[in-house]
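S.K.: First the structure, which I've put down as structure tokens, then a few questions once you've had a look.
The values are calculated or read from the model by the stated rules, or taken from the named source; none is laboratory data. Just so we're clear, the structure is a prediction, and the values are computed from it rather than from any experiment. Note that each Cβ is placed from the backbone with ideal geometry, even for glycine, and that neighbours are counted across all protein chains shown. For the accessible areas, the whole protein counts, side chains as well, though only heavy atoms, and no ligand, DNA or RNA atoms are used. Shrake-Rupley method; radii C 1.70, N 1.55, O 1.52, S 1.80 Å.
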Amino acid sequence: MIVVSDTNNIKPDSINPLATNISRVLVSSQDIQKRIEELGAQISKDYAGQSLVVIGVLKGAFPFMAALIKHITVPVVIDFVAVSSYEGTSSTGVVRFQKDVEEPLTGRNVLVVEDIVDTGLTLHYLMNTLQVRDPKSLEICCLVDKPARRKIEITSKYIGFTIPDRFIVGFGMDYEEHYRSLDFIGILSPKAIKP
Ligand code: 5GP
């Protein structure tokens, strides 16, 4: 397990104007890329000789999934779902299914790729929905795990980084739809968060 503390003092790269609202880099671009390579290698090993349906949870998982599948060496089919439970920076606890997958899942190995697991409510709902379709296997790969605020148990087979209870943005993760394009994971300045 790779546990990240927020005691480092790395300052966001001033080259990216979007980073002015980021108070601190939590995980650098280099560390993210290295970890994604490791996850891809592990997944390739675990599913050797088989194929995989990789399902990205929109929108946050999209950069992570794009990078991850390049390091998976078994045959992969991709698909997406959209489920939302968030408004602003806190969970409403209300999960909405906005887009379903197009691939049939029965008898197939399914890997759900998510940006971050927080309360666990989103994935709990999604995993229950997908399990009903009778996949051969159903696992989770998340870039970030934030276990401090968990409301329901979720077991991710593959976890990029385990972080403390902070609101983070970047590498797909947003605040009011901004910051998804940052290539690092950062902590948003309190001044950038609406009261
Ligand atoms: P959960 O249902 O596990 O509470 O929430 C999962 C979703 O909430 C994630 O897919 C993500 O969209 C959002 N989320 C949870 N924590 C954070 C965070 O620290 N930053 C951002 N940007 N989104 C978060």
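S.K.: If you average 1/r over all unlike Cα pairs in the chain and invert the result, what Kirkwood radius do you get in angstrom?
M.R.: Hydrodynamic radius (Kirkwood, Cα only) of the chain equals 17.1 Å.
S.K.: Of Asn109, Asn21, Asn128, which is the most mobile in a GNM of the chain whose springs link Cα atoms less than 10 angstrom apart?
M.R.: Judging by the Gaussian network model, the answer is Asn128.
S.K.: Compute the orientation-averaged projected area for region 114-195 from the convex hull of its Cα atoms and round it to one decimal in nm².
M.R.: The directionally averaged projection comes out at 6.3 nm².
S.K.: Would you list, by chain and number, the lysines whose Cα falls below 28 Å from the Cα of Lys194, excluding same-chain residues fewer than 8 positions away?
M.R.: Within the straight-line limit of under 28 Å, Lys194 reaches these lysines: Lys11, Lys59, Lys146, Lys151.
S.K.: Which whole-number percent gives the relative contact order of the chain, counting Cα pairs below 8 Å spaced six or more residues apart?
M.R.: Relative contact order for the chain comes out at 25 percent.
S.K.: If you don't mind, another one. If you line up the long axis of helix 121-131 against the longest principal axis of the chain, both from Cα atoms, how many degrees apart are they, to the nearest 10?
M.R.: 10
S.K.: A further question follows. Give the cross-link partners of Lys99 among the aspartates and glutamates, using a straight C-alpha distance below 14 Å as the criterion and excluding same-chain residues fewer than 8 apart.
M.R.: Asp79
S.K.: Something else now. Cα axis of helix 29-46 to longest principal axis of the chain: angle in degrees, 0 to 90, nearest 10?
M.R.: 10
S.K.: Which of the lysines could be linked to Lys45 by a straight reach, that is with a Cα gap under 22 Å, when you skip same-chain ones fewer than 8 residues away?
M.R.: Output for Lys45: Lys34, Lys70, Lys136, Lys157.
S.K.: With θ set to phi - 60°, apply the Karplus curve 6.51 cos²θ - 1.76 cosθ + 1.60 along region 96-112 and write out the HN-Hα couplings as whole Hz, x wherever there is a Gly or Pro.
M.R.: Coupling constants for region 96-112: 10, 8, 9, 8, 8, 6, 9, 6, x, 10, 4, x, 10, 7, 10, 10, 8 Hz.
S.K.: Using only DSSP helix segments of four residues or longer, with each worth -39500 (n - 2.57), what per-residue ellipticity at 222 nm results for the chain after dividing by its residue count and rounding to 500? Walk me through the intermediate numbers first.
M.R.: Details: 3 runs with 37 residues, N = 195.
That calculation yields -6000 deg cm²/dmol at 222 nm.
S.K.: From largest accessible area down, sort Glu102, Glu37, Glu114; use a 1.4 Å probe on the protein chains.
M.R.: I get Glu102, Glu37, Glu114, largest accessible area first.
S.K.: Further question: Only Lys, Arg, Asp and Glu count, each charged at its Cβ (+1, +1, -1, -1), so figure out the dipole size of region 104-195 about its Cα centre, rounded to 20 debye. Please list the in-between numbers first.
M.R.: On the way: 12 positive and 12 negative charges, 32 e Å.
It comes to approximately 160 debye.
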